[in-house]
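Working notes, structure below.
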Amino acid sequence: GIDHLVTIGGDDTATSASKVAAAGGARIRVAHVPKTIDNDLPLPEGIPTFGFETAREHATAVVERLIEDCRTTNRWFFVVMMGRSAGHLALGSGKAAGAPVILIPEEFPKRPIQLDDVVRRLEGAIAKRLAAGRPDGVAVIAEGIAEYMDEKDPLLRDVPRDEHGHIRLAEVPIARVLRSAVADAFGRRGVKVTIGEKDVGYEVGW
């Protein structure tokens, strides 16, 4: 008895809605409301998806607090920000908070993204800060970097996928892997760098 369906969500929800529309033919009219904190739907330029600005505001507050904590404790934090296929939330919150390092998948034109390339960028940024007399900082890293890595990478080899075929990024310990790799790189040079980690996800959308 259903003849109308309204869906609210991101790309996976939109895909599911389109499948319902195709299966229902003209019997079910479907309307999709774009709502995703990732801001990764193709809306007109300058129009963010519903939910993005709220998420960016809350994520900015998290990054700002971590920046202050790092400044007073002389350490780094790697913040992995939600965003599967777009780095908008990481970029928006990182810029608003004044994070010294922001890494998003759009900045890596060569695909697949190599873990070593990510490690080298983080290592270089920290080295520059150390040379400037700053042993502290926050790196905001879009989780989508893992989405574009080589599926054969040991980091992703046994990671399960969801019903849409996407890697379950919440189960990829990207922050821990990067923290260990960067700390080890500095350790081989006799430099001690203290790094913490934080995953920021759906909690910024509420």
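The values are calculated or read from the model by the stated rules, or taken from the named source; none is laboratory data. None of the values given here were measured: they were computed from a predicted structure. For neighbour counting, all protein chains shown are included, and Cβ atoms are generated from backbone atoms with ideal geometry for every residue, glycine included. The accessibility values were calculated without ligands, DNA or RNA, using every heavy atom of the protein model including side chains. Shrake-Rupley method; radii C 1.70, N 1.55, O 1.52, S 1.80 Å.
Under the condition of being under 16 Å from Ile102 (Cα atoms) and not polar (S, T, N, Q), which residue from the stretch 48-64 is most open to solvent (accessible area, probe 1.4 Å)?
In this case the residue turns out to be Glu64.
Condition test on Ile67, is it at pLDDT below 95 and of a type in the set (A, V, I, L, M)?
No.
Taking the stated definitions as given, is Ile67 in a helix (DSSP H, G or I) and at negative phi?
Here the answer is yes, as Ile67 does meet what is asked.
Residues of the stretch 152-202 being in a loop (DSSP other than H, G, I, E, B), buried (at least 16 other Cβ atoms within 10 Å of the Cβ), of a type in the set (Val, Ile, Thr) and at pLDDT 70 or above, which ones?
Val193 - this is the single residue of the stretch 152-202 that is in a loop (DSSP other than H, G, I, E, B), buried (at least 16 other Cβ atoms within 10 Å of the Cβ), of a type in the set (Val, Ile, Thr) and at pLDDT 70 or above.
Out of the residues in the stretch 9-40 meeting the condition of being more than 26 Å from Glu106 (Cβ to Cβ) and not in a helix (DSSP H, G or I), tell me which one is least open to solvent (accessible area, probe 1.4 Å).
Result: Ile28.
If I ask for residues that are among the charged types (D, E, K, R) and open to solvent by 70 Å² or more (accessible area, probe 1.4 Å), which ones from the stretch 91-128 would you list?
Lys95, Glu106, Glu107, Lys110, Arg111, Asp116, Arg120, Arg121, Lys128
Do we find that Gly83 is part of a helix (DSSP H, G or I), under 15 Å from the mean Cα position of the chain (by Cα) and under 24 Å from Ile141 (Cα atoms) in this structure?
Answer is no for this residue.
Only one residue in Ala96, Ala132, Ala125 is modelled with pLDDT of 95 or more and in contact with a strand residue (DSSP E or B) (Cβ under 8 Å, 6 or more places away or on another chain), so which one is that?
One residue alone meets the criteria, Ala125.
Go through (1) open to solvent by 70 Å² or more (accessible area, probe 1.4 Å); (2) modelled with pLDDT of 90 or more for Glu45 and report which single condition fails.
(2)
Using beta carbons and a limit of 8 Å, which pairs, at least six apart or on different chains, have the first residue in the stretch 55-68 and polar (S, T, N, Q) and the second one open to solvent by less than 30 Å² (accessible area, probe 1.4 Å)?
Cβ pairs passing all conditions: Thr60/Gly92; Thr60/Ser93; Thr60/Ala97.
Taking only pairs six or more apart or across chains, which ones have beta-carbon atoms under 7 Å, a first residue in the stretch 114-133 that is basic (Lys, Arg), and a second residue that is modelled with pLDDT of 95 or more and open to solvent by less than 30 Å² (accessible area, probe 1.4 Å)?
Here the result reads Arg121/Leu103; Arg129/Gly137, each pair linking the stretch 114-133 to a residue that is modelled with pLDDT of 95 or more and open to solvent by less than 30 Å² (accessible area, probe 1.4 Å).
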